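Here is the structure we will look at.
The values are calculated or read from the model by the stated rules, or taken from the named source; none is laboratory data. These numbers were taken from a predicted model, which means no experiment stands behind them. Cβ atoms come from the backbone with ideal geometry, glycine included; neighbour counts cover every protein chain shown.
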Amino acid sequence: MRVEKIVYDGVVKTLESPAQVVPRGYVIGKPLHVFIDGIENAVINGVYPIDKPVVLGSTGIVRVLEAPSADEGLSGKIAFVSPISERGLLSVNLDGLLSTYAIIPVEHIIGITNTVPRPLSALSCIASLSYRLSLEAGPNPVIIGCGVSGLMTALHVLLDGGTPEVICARRESLRYARSVGLLPIQSSENLKEGYSSIVYTSYAPWILRNLLRHGVSKLVVSPLVNRASITLFPSINRVEIIMPMPSRIEYKRSVIEKIRRLLGFVELNNIVDVQGLVPPPKLGVIVSFTRS
């Protein structure tokens, strides 16, 4: 059996290879809905250095075809695949989902169902991580990053009655934040004092450096961010660092409904047709495979 996959090794391209043996602790999945967003952009832009070609597609929903040497109860289930686990990051340390048949560590499966969810549910794992970040953030955090994860974290804080401040590293992201009801800023110089924490959701070490000068005592770091960027400054040693991992599907549904308008949605028949969608339009794109 031949497997087609979308890989990055300096350029985005389609590769075809023989099916490989599934290692212990992994499952074979058929992609149904795959979310392509900032992780793929970060790989392409060199934020995440890679030492081998990696399959892109860091989160989404798959149908588990077989679970050899893993939990046999997963076979035939629809699984929510998290981009992160203790094993590493899909599309960076491990191969992602944009393959005819994806080979996925069991640790990356954080939810299962018997029915095929709608395409928007491909955001479920990112939304669950954002919910965890918001719980650690406190009532008035300053959130670095206006990607999908950063915006959903801010919306979760807002729905819980908090008052998040959001800093957008890129000018074009300001309008995305405004469109979901947030009031973003582009410079840390405009921040008030006394916020509950910094939440670091996007690679922007220059912004983090400036915020650490405010004397904050708590830094909540998304595990999707390049971890090396939080150790650049001596002042980081005086801060409590928390890096929560999503362990189950849990989020406020209205959050992903608000994000919907910022995403692209595409239905495709084959993996090879994805190549033109990397990097993705808007804040990301959900690709649904109609023949899966």
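For the reader, a short list of remarks on this structure follows.
- Qualifying residue in the range 196-215 (condition: over 27 Å from residue 158 (Cβ atoms) and surrounded by fewer than 14 Cβ atoms within 10 Å (Cβ to Cβ)): no
- Those residues of the range 14-48 which are more than 17 Å from the chain's Cα centre (by Cα) and surrounded by fewer than 14 Cβ atoms within 10 Å (Cβ to Cβ), in sequence order: 16, 17, 18, 19, 20, 21, 23, 24
- Verdict on residue 267 being touching a Ser or Thr at 6+ places or on another chain (Cβ under 7 Å) and either exposed (fewer than 13 other Cβ atoms within 10 Å of the Cβ) or within 29 Å of residue 14 (Cα to Cα) (or both): yes
- Residue check: residue 223 meets all listed conditions (1) within 30 Å of residue 49 (Cβ to Cβ); (2) free of Cβ contacts under 8 Å to residues at least 24 places away in the same chain but one, namely (2).
- The combined condition, being assigned to a helix (DSSP H, G or I), modelled with pLDDT of 95 or more and outside the structural domain of residue 181 (by TED's automatic domain parsing), is fulfilled by residue 120.
- Residue 266 under 20 Å from residue 81 (Cα atoms), out of contact with any Asp or Glu (no Cβ under 8 Å at 6 or more places or on another chain) and free of Cβ contacts under 8 Å to residues at least 24 places away in the same chain: yes
- Single residue of the range 82-117 satisfying the filter (hydrophobic (A, V, I, L, M, F, W, C), in a strand (DSSP E or B) and touching a Phe, Trp or Tyr at 6+ places or on another chain (Cβ under 9 Å)) that is surrounded by the fewest Cβ atoms within 10 Å (Cβ to Cβ): 112
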